[in-house]
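First comes the structure, then the notes that go with it.
The values are calculated or read from the model by the stated rules, or taken from the named source; none is laboratory data. Source: prediction; values computed, not measured. Cβ placement follows ideal geometry from the backbone for every residue including glycine, while neighbour counts extend to all protein chains displayed.
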Amino acid sequence: MPLKLSLKPGERFVLNGAVVQNGDRRGTLILQNKASVLREKDIMQAEDVSSPARRVYFPVMMMYLDEGAAARHYDDFVRRMTEFMGVISNPDVLADCVGISKHVLAREYYKALMTCRKLIDYEDSRLGHVATGVPASRAAG
């Protein structure tokens, strides 16, 4: 099933590891086969990994963007998820953590990333955290 991306002028995204930028007009890109695509708003830089939920998100993002090297990031993911789950008591958030882990084990990294956004939203709502990199306000977009 094709993936249709509607792009804003100048919007950047990563496509199978390559950074691509749209021109000066709105554009549409249709991908006919499976590819790793992540919009600029969903890309977290290493310096933006400033909280426990973001420390879970980052290795999942790296596994998604470079699936061939996913094993390199897996141990970091497991460590960060274990730390996160060790301090959470909310059953819904714990269920999301289990869901993320299942997606990672199934190599469904994009699904895992979308669920990681819920962890970031939860953390931000509890801590009043306002950090850069995949903020809660952009998580729905």
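Quick notes on this one:
- Unmet requirement for Gly86, which otherwise passes all of (1) over 26 Å from Asn16 (Cα atoms); (2) assigned by TED's automatic domain parsing to the domain that holds Val14: (2)
- The helices (runs of 4 or more DSSP H) falling completely within the range 13-126 that include 1 or more residues that are over 16 Å from Leu3 (Cβ atoms), among the β-branched types (Val, Ile, Thr) and in contact with a Leu (Cβ under 8 Å, 6 or more places away or on another chain) map to 52-65, 91-105.
- Restricting the range 18-43 to residues that are under 19 Å from the mean Cα position of the chain (by Cα) and loosely packed, with under 13 Cβ neighbours inside 10 Å, the residue that is farthest from Met62 (Cα to Cα): Lys34
- All positions within the range 1-42 that are among the charged types (D, E, K, R) and in contact with an Asp or Glu (Cβ under 6 Å, 6 or more places away or on another chain): Arg12
- Answer residue from the range 102-128, given it is surrounded by fewer than 18 Cβ atoms within 10 Å (Cβ to Cβ) and small (Gly, Ala, Ser) and is modelled with the lowest pLDDT among those: Gly128
- Top-ranked residue of the range 57-92 - restricted to ones that are of a type in the set (Lys, Arg) and modelled with pLDDT of 95 or more, ranked as surrounded by the fewest Cβ atoms within 10 Å (Cβ to Cβ): Arg79
- Test: residue in the range 101-117 that is more than 19 Å from Ile43 (Cβ to Cβ) and in contact (Cβ under 8 Å) with a residue 40 or more places away in the chain: yes
- The range 52-70 residues that are free of Cβ contacts under 8 Å to residues at least 24 places away in the same chain and outside the structural domain of Ala35 (by TED's automatic domain parsing), paired with ones that are of a type in the set (Asp, Glu) and surrounded by fewer than 20 Cβ atoms within 10 Å (Cβ to Cβ) (beta carbon under 6 Å, 6 or more apart): Pro59/Asp76
- Some residue of the range 2-10 being in contact with a helix residue (DSSP H, G or I) (Cβ under 7 Å, 6 or more places away or on another chain) and either touching a residue at least 12 places away in the same chain (Cβ under 8 Å) or part of a helix (DSSP H, G or I) (or both): no
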